[in-house]
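Visitor: Here it is, the structure, as structure tokens.
Every number in this text was worked out from the coordinates using simple rules, so none of it is lab data. The structure presented is a predicted model; accordingly, all values stated were derived computationally and were not measured. Cβ placement follows ideal geometry from the backbone for every residue including glycine, while neighbour counts extend to all protein chains displayed.
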Amino acid sequence: MSALSQKHLTGIKPLTASDIDLIFQTADNFKEILQRPIKKVPSLRDITIANLFFEDSTRTRISFELAEKRLSADTINFSSSGSSVKKGETLLDTVRNILAMKVDMIVMRHSSSGAPEFLAQHINANIVNAGDGTHEHPTQGLLDGYSVREKFGTLKGLNYLIIGDIKHSRVAGSDIPLMQKMGAKVKVCGPPTLIPKHLEELGVTYEPNLKKALEWCDVANVLRIQLERMDIKFVPSLREYSLFYGVNRELLDSISKDFTIMHPGPINRGVELNSDVADSKQSLILQQVENGVAIRMAVLYLLAGRNS
């Protein structure tokens, strides 16, 4: 197989295991290029990509912009603050106006779940979802999977734990289907108020006790508490959350096995993760950031159809 089965990347769920393998293999090639003194390739030299961020982002936006520049694409950066969106222009009108300027691909982050899927049904450009509401964040899921594969050689048979705010997390929304498609077992841990009710339908088990969950896992992905997405209080206080579900050195030292720590960032240090854990040898956090550029290069390259 040399091409993706999908025209867009709106989520992990539409991808096949072969699609994910192809993205990983392509990222391997780009990661090798990123180690060279000259880190730029002309792969997307005649492609124009619009980055539409209707929601604040720093890491994801910079990672996509860097990936686009490394591929020699022309880029347009759009932020909704101070734009026509504030004047009442619809999402579809905004995008159609941008497409009239002959844009080939759109990378979009939006606070409404399903916005990238909606666009994909109405316009011809390739759509890449950079995070939509509480739905999915597919390139984060891919870079998480890629980072685990890089460390362990495979995802098959691994015990993958996600800790924290599963209910509001688009990272969990992408990590869960990706890990399952690639043969890993997934368990979640966190306060009952932050666990979705339909967990059984996802084929995921819930362990309320953090220490028991950590004893089970090979990899623990610690999520950030999504304060900006909570319209009501789901935990009594951050201090209480940290007491029961924060990962610290003392807890790690009490676990009888070695396991790997991940975090999608940005970290609330001292809440879900202590600095001595985030910066420890068990942490893959900086590798995740590095791998994000290679994964996003692979996704853009494959969606542009340059490998077929």
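Visitor: Once you sort the root eigenvalues of the Cα gyration tensor of the range 1-86 as a ≥ b ≥ c, which label holds: rounded (a/c under 1.5), prolate (a/b larger than b/c) or oblate (the other case)?
Guide: The shape class here is oblate.
Visitor: Still on this model: Given a Förster radius of 30 Å and the C-beta distance between Q282 and T90 as r, what FRET efficiency does 1/(1 + (r/R0)^6) yield to the nearest 0.05?
Guide: Step by step, r from the Cβ atoms, then E = 0.05.
Visitor: Using DSSP, restrict attention to beta bridges with both residues in the range 28-128 and report what percent are antiparallel, rounded to the nearest 5.
Guide: Antiparallel bridges make up about 0 percent of those DSSP assigns within the range 28-128.
Visitor: Could you give the nm distance between label points at S18 and D253, where each point is 7 Å from its Cα heading toward the beta carbon?
Guide: Here the modelled spin labels are 5.1 nm apart.
Visitor: Okay, moving on. Can you list residues whose amide H is under 5 Å from V107's amide H, if they're 5+ apart or on another chain and H is modeled 1.01 Å from N?
Guide: Long-range HN contacts for V107: A50, N51, L52, V128.
Visitor: Take every Cα pair under 8 Å in the chain that's 6+ residues apart, average their separations, divide by the length, and report that relative contact order as a whole percent.
Guide: 20 percent
Visitor: Which helices, taking whole DSSP H runs in the chain, have alpha carbons extending 15 angstrom or more along the helix axis plus mean Kyte-Doolittle at least 0.0?
Guide: 17-34, 285-303
Visitor: Related question: Taking the Cα centre of the chain as origin, work out the dipole magnitude from +1 charges on Lys and Arg Cβ and -1 charges on Asp and Glu Cβ, in debye rounded to 20.
Guide: Roughly 380 debye for the chain.
Visitor: List the trypsin sites (Lys or Arg not before Pro) in the range 95-129 that DSSP assigns to loop (not H, G, I, E or B) and whose Cβ has at most 15 other Cβ atoms within 10 Å. Which are they?
Guide: K102
Visitor: To the nearest 20 Debye, how big is the dipole of the range 138-288 about its Cα centre, given +1 on the beta carbon of each Lys and Arg and -1 on that of each Asp and Glu?
Guide: With only Lys, Arg, Asp and Glu charged at Cβ, the dipole is about 200 debye.
Visitor: Still on this structure, I have one more. Among DSSP beta bridges lying fully in the chain, give the percent that are antiparallel, nearest 5.
Guide: Around 5 percent antiparallel, to the nearest 5.
Visitor: Shape verdict for the range 138-288, please, from the Cα gyration tensor: rounded (a/c under 1.5), prolate (a/b greater than b/c) or oblate.
Guide: Rounded, since a/c falls under 1.5.
Visitor: Which whole-number percentage describes the relative contact order of the range 175-308, with Cα contacts under 8 Å and a sequence gap of 6 or more?
Guide: Across the range 175-308, relative contact order equals 21 percent.
Visitor: So, one more: Under the rule a/c < 1.5 gives rounded, and otherwise a/b versus b/c splits prolate from oblate, where does the chain land using the Cα gyration tensor?
Guide: prolate
Visitor: Please tell me the relative contact order of the range 1-111 in percent, rounded to the nearest whole number, where contacts are Cα pairs under 8 Å and at least six residues apart.
Guide: Value for the range 1-111: 29 percent.
Visitor: Can you tell me the FRET efficiency between K212 and E32 if r is taken as the Cβ-Cβ distance and R0 is 41 Å, rounded to the nearest 0.05?
Guide: FRET efficiency, K212 to E32: 0.55.
Visitor: For the pair T58/K7, report the inter-label distance in nm, with labels modelled 7 Å from Cα in the Cβ direction.
Guide: Here the answer is 3.7 nm between the modelled labels.
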